[in-house]
Amino acid sequence: MANIIKTLKGTKDILPQDVNMWQFVEENAKKIFTQYGFKEIRTPIIETTELFSRGVGDTTDIVNKEMYTFEKSDRSITLRPENTAGVVRSYIENGMSRLPAPVKLWYKGPMFRYERPQAGRQRQFNQIGVEMFGIKQPTADAEVILMAVNFLKSLGLNDLDVEINSLGCPKCRAEFKEKLKSVIKPYLNDLCEDCQNRFDKNPLRLLDCKVEDCQKIYSLPEIQEIIHSDFLCEECSSHYTELKLYLDRMGVRYKENKLLVRGLDYYTRTVFEIKSNNLGSQNAVCGGGRYDGLVSQLGGEETPAIGFAMGMERLISLIPANEQPKLDGYIVSNFPTDAFILAEELRSYGLNIEFDLTNKKFTKQLEKASKCAKYAIILGEDEILKHQVSIKNLETGNQITVNRENCKENLYL
Ligand code: ATP
Ligand code: MG
């Protein structure tokens, strides 16, 4: 096996034995999001690089370090690292602001980030996400968070932690940033290189640095005091209070986390994450927040908006593996033409049916049936002469013989 070609580092095949789990997650997403009035949108995987530098932000890791970018006919093109920017572009480009608000959209699909591959971190990974446009009230924030929780519950994931925070608006945040910078400044030389770079460009991001020495500095009392100070202006503060009241009323359990700042530049007011204790250090399954400035930043009209994205690989790793789905029936017969005709007939009724394409020995076919199907449908010489079939329930071992036209009624458990 010299010279075989392998997947690129950080990418994975989703194999047939795992696909039913992906379909389970996708079907639940469609069902739950539809209940809340969201419609699916599919945007291209490639976009102009400018969309992400303007839409995700020049100071983020995503834009600075993680994008797959290439030139084609003098244009700079990027494989999408996330899908909020693409959905916002589409919202503007297709005049969706003329639709009655809210415009509720959801998506699923692959994203690409050039990161160091490790458990829970790939270079091509999949996200499921939603975006809601046009509502500034905190009911929208509460509905989106509640929907995320209900979607996770539909997958059997009940014990995840919801964390929320408010980053305020550009106005009140600006003051907070200045205060934060002034208390951190004396320690600037002791911070890691990333934090030193972020200090001027995006000081809020300092708080979610993973480097231990930096975290030690940020836990100093004078810095903690600023972090925990109440910097929100009146409007931001009442928005946040109302959100919490709605979540309480809807029975969503959450923790407030002042250190939750999220990696992206565009968030305003509400940010949230949903985390699992069972995922090690890559423990976030869902990240989201309000981004009231993004639509106008990308050239559209001022439009409030909120959304979230979930990492599908991380979600799936939390769901206990279920059994492989079985065929409804496997036809056991040494008369291939009759088997073929019967298979087609039963498929036309919507049943999942296979028969042996190679006409192996009867006993071999029976063995195969017991592995992959709920019923063995036996078409021996006797059955064919009498225009009958024998149906063996492979779970109970019971076998009955019925007229051929009654076959389909006997294949439902
Ligand atoms: P992290 O802190 O784990 O890098 P992030 O803030 O970069 O996350 P977001 O941009 O908010 O992540 O993306 C939303 C979700 O997508 C994450 O919560 C995570 O579940 C998933 N995700 C992000 N990057 C990757 C990746 N490289 N591989 C697999 N899943 C990912
Ligand atoms: Mg990341």
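Entry remark, the stretch 365-377: residues being over 17 Å from ASN410 (Cβ atoms), in contact with an Asp or Glu (Cβ under 8 Å, 6 or more places away or on another chain) and open to solvent by 10 Å² or more (accessible area, probe 1.4 Å) number 2 in total. Of all residues in the stretch 258-267, at least one satisfies being more than 12 Å from ligand 1 (Cβ to nearest atom) and farther than 23 Å from ARG116 by Cα.
Within this structure, LYS368 fails the test of being of a type outside the set (A, V, I, L, M), at pLDDT below 95 and in contact with a strand residue (DSSP E or B) (Cβ under 9 Å, 6 or more places away or on another chain).
For the criterion of being within 16 Å of ligand 1 (Cβ to nearest atom) and at pLDDT 90 or above, THR241 fails.
Working carefully through the options GLY86, GLY95, GLY134, GLY168, find the one that is under 24 Å from GLY300 (Cα atoms) and touching a Cys at 6+ places or on another chain (Cβ under 7 Å).
GLY168
Of the residues making up the stretch 121-138, those that are within 13 Å of the chain's Cα centre (by Cα) and more than 21 Å from GLY10 (Cα to Cα) are GLY129, VAL130, GLU131. Taking the condition at pLDDT 95 or above and buried (at least 18 other Cβ atoms within 10 Å of the Cβ), does PHE176 pass? So PHE176 does not fit the description; no.
Okay, residues lined up against (1) assigned by TED's automatic domain parsing to the domain that holds ALA101; (2) at pLDDT 95 or above:
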position	(1), (2)
GLN282	yes, no
LEU298	yes, yes
GLY311	yes, yes
GLU344	no, yes
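Tally up the residues in the stretch 334-368 that are touching a residue at least 40 places away in the same chain (Cβ under 8 Å) and among the hydrophobic types (A, V, I, L, M, F, W, C), please. Here the count works out to 5. In the set LYS181, LYS210, only one residue is outside any helix (DSSP H, G or I) and not assigned by TED's automatic domain parsing to the domain that holds THR268; that residue is LYS210.
Evaluation of PRO44 against the conditions (1) within 14 Å of ligand 1 (Cβ to nearest atom); (2) closer than 24 Å to TRP22 by Cα; (3) open to solvent by 60 Å² or more (accessible area, probe 1.4 Å) shows that the sole unmet condition is (1). A count restricted to the stretch 378-391 and to residues that are over 11 Å from ASP338 (Cβ atoms), surrounded by 15 or more Cβ atoms within 10 Å (Cβ to Cβ) and not small (Gly, Ala, Ser) stands at 3. Given the condition within 16 Å of ligand 1 (Cβ to nearest atom) and under 17 Å from the mean Cα position of the chain (by Cα), answer yes or no: does some residue in the stretch 47-63 qualify? No, the stretch 47-63 contains no residue that is within 16 Å of ligand 1 (Cβ to nearest atom) and under 17 Å from the mean Cα position of the chain (by Cα).
Quick one: is LEU264 assigned to a loop (DSSP other than H, G, I, E, B), closer than 26 Å to LYS244 by Cβ and under 18 Å from the mean Cα position of the chain (by Cα)? The answer is yes for LEU264. Restricting attention to the stretch 307-346, the residues that are open to solvent by less than 90 Å² (accessible area, probe 1.4 Å) and more than 33 Å from the chain's Cα centre (by Cα) add up to 14. Candidates LEU243, LEU220, LEU232: the one that is surrounded by fewer than 19 Cβ atoms within 10 Å (Cβ to Cβ), more than 16 Å from ligand 2 (Cβ to nearest atom) and not acidic (Asp, Glu) is LEU220. The criterion of being among the small types (Gly, Ala, Ser), away from ligand 2 (no atom under 16 Å from the Cβ) and at pLDDT below 95 holds for GLY156. In the stretch 52-72, the residues that are open to solvent by 20 Å² or more (accessible area, probe 1.4 Å) reach residues that are within 13 Å of ligand 1 (Cβ to nearest atom) and assigned to a strand (DSSP E or B) with C-beta atoms within less than 6 angstrom, at least six apart or across chains, in these pairs: TYR68/LEU79; TYR68/PHE112. Of the listed requirements (1) under 29 Å from SER317 (Cβ atoms); (2) away from ligand 2 (no atom under 16 Å from the Cβ); (3) without any contact (Cβ under 8 Å) to a residue 24 or more places away in the chain, CYS192 misses just one: (1).
The values are calculated or read from the model by the stated rules, or taken from the named source; none is laboratory data. On a predicted model such as this, the values are computed, not experimentally measured, just so you know. Note that each Cβ is placed from the backbone with ideal geometry, even for glycine, and that neighbours are counted across all protein chains shown. Just the protein is used for accessible areas: all its heavy atoms, side chains included, with ligands, DNA and RNA removed. Shrake-Rupley method; radii C 1.70, N 1.55, O 1.52, S 1.80 Å.
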